[in-house]
Amino acid sequence: KKGASAEMLCCLFLFITVSSLLITENIAMAPSTTTTTIAPTTTTLTSSNDKQTRPLLLEHINLNIPDVTLGREFYINALGGVENPVTTNEKQLHVNVGTSQFHLLLKTKTHADDKQSNAVTVPQHWPGYIELWTTEDLENIRSRLPSNRCYYLNNCSSSTSQHDKKLICICPWNKNRFLVRRAPLNFRVTHQHPGGYGTLVAMHRLVHPVSSLSSNLDTDVIYTLSKFWTNVMGCVTSVVEGKEAGSSDSNNNDTYDGLSFICNDHSNPTNSNHSRRRRRCCIVHFQSGQELILEESDDAPPSNSYDIQNDIFGYHLCIYLPTNESFQCTFQQVSECGLLYANPRFAGGRPEFGNALDWKEASDCGQFRVKDWLWCNDDDKKGGDDGKTESVEVKSKVPLLVMELEVRSTSHICCPLK
């Protein structure tokens, strides 16, 4: 009887074990019940070298201003930014916006060897708009600005939710427009610059117009700009077809309003006849949740405005890449395409703010520069005798957009993410 009982127990254990294995296998093989739906109007591009990544942070935008007092009144006292006490000096005002910054240059040199800096006399103009997030009531900001430079979008009423309101603020020089919204309730600033941050907690979107016309009539400007960011910069992008402005692209009320909707109605905010159409755009997606949006526009300045009207359109952006590997890969791609840029203003200066033109320099200082945005494909590269790809100049091609980028690794001395 004892032997029979033991045998029965053994059989029972074997049955339970086999059944568990079968159940586990069925669970593992079962199709996922969670699906991701990609909108038919969105095309996500991937890098041909399979080393694509989301850039880590859109850290600052540089905008020259001619008056530091007006700059402080607008960016700090009105909008709620905080002055960085370490990097602000007689030549520049740095305003913290969460983990990002406005670099507001007051004096500048044309060349690094100029004996003295010249005072800025012409304010720089970002021709699109910049979306900022705040933690304070929008009415507080509105009360601190004159009515002709601050108004609600969409004729918000007193009953409109704070998180649905959008406030348009225009800088003292009537050049730059800012769309200010309440930050989502779950948003948190995780890193900061010296001086900390105030009620202005994020530089969420930078929207820039690009001409849909190209000197090469067979060039799709938006698609090719996306290819530049994908294949040269190694970054995640998407191309989105135009649709109704103010419609939501996500489930958290994070809406993107078209350029014409923001920039063409500032003189008459009650005008209901302005265009609400959002045109095709290329979106560069950051791990921080930020977006750089390049949208087709008939009102875009010339693509080479940086070169021909630098005093007005000579602004630049600074981005951080997430890893040393992605930083090195992007440097190699940019170098192979002949797109490394040496800004004469920084020639011979401190390496971390200078012009790295070889990998050792870039690796040591954690930064290099790019200015001409164009897609360098495999036909634009040439192989050396050792089988390696050599740098090739692509200056014969017309850039789709000229805008200076400071591309940094997290090893850079100014990285706020350390």
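Nothing in this text is a laboratory measurement; each read-out follows from the coordinates by a stated rule. It should be emphasised that the depicted structure is a prediction, and the values quoted were computed from it without experimental measurement. Counting neighbours? That spans all protein chains shown, and the Cβs are built from the backbone with ideal geometry, glycine included.
A simple spin-label model places the labels of T199 and S161 2.1 nm from each other, with each point 7 Å out along Cα-to-Cβ. Protection proxy ranking, highest mean first, for peptides 180-191, 219-230: 219-230, 180-191, where packing is the per-residue count of other beta-carbon atoms within 10 Å, averaged. Computed from the C-beta positions of H111 and R149 and an R0 of 45 Å, the FRET efficiency is 0.80 to the nearest 0.05. Quick check: residue separation of V68 and D307 times 0.36 nm, minus the Cα distance between them. What number comes out in nm? Answer, rounded to one decimal: 83.5 nm. Measuring between alpha carbons in the structure, the pairs from K91/K397; K227/K371; K166/K227; K109/K418 lying more than 25 angstrom apart are K91/K397; K166/K227; K109/K418. In this label model, T224 and S363 are separated by 3.5 nm, measuring between points 7 Å along each Cα→Cβ vector.
Highest mean packing comes first when the peptides 299-305, 131-137 are listed by Cβ atoms within 10 Å, giving 131-137, 299-305. Taking label positions 7 Å along the Cα-Cβ direction at both Q287 and F353, the computed distance is 2.7 nm, reported to one decimal.
If you take the alpha carbon radius of gyration of region 72-214 and divide it by 2.2 N^0.38 Å, what ratio comes out, to two decimals? Ratio of Cα Rg to 2.2 N^0.38 Å: 1.15. Treat region 69-122 as a sphere of radius equal to its Kirkwood radius over Cα pairs and apply Stokes-Einstein at 4 °C in a medium of 1.567 mPa s; give the translational diffusion coefficient in µm²/s, rounded to a whole number. Roughly 108 µm²/s, to the nearest whole number. Taking 0.36 nm per residue of separation and subtracting the Cα-Cα distance, full extension of the segment from T323 to S411 would add 30.8 nm.
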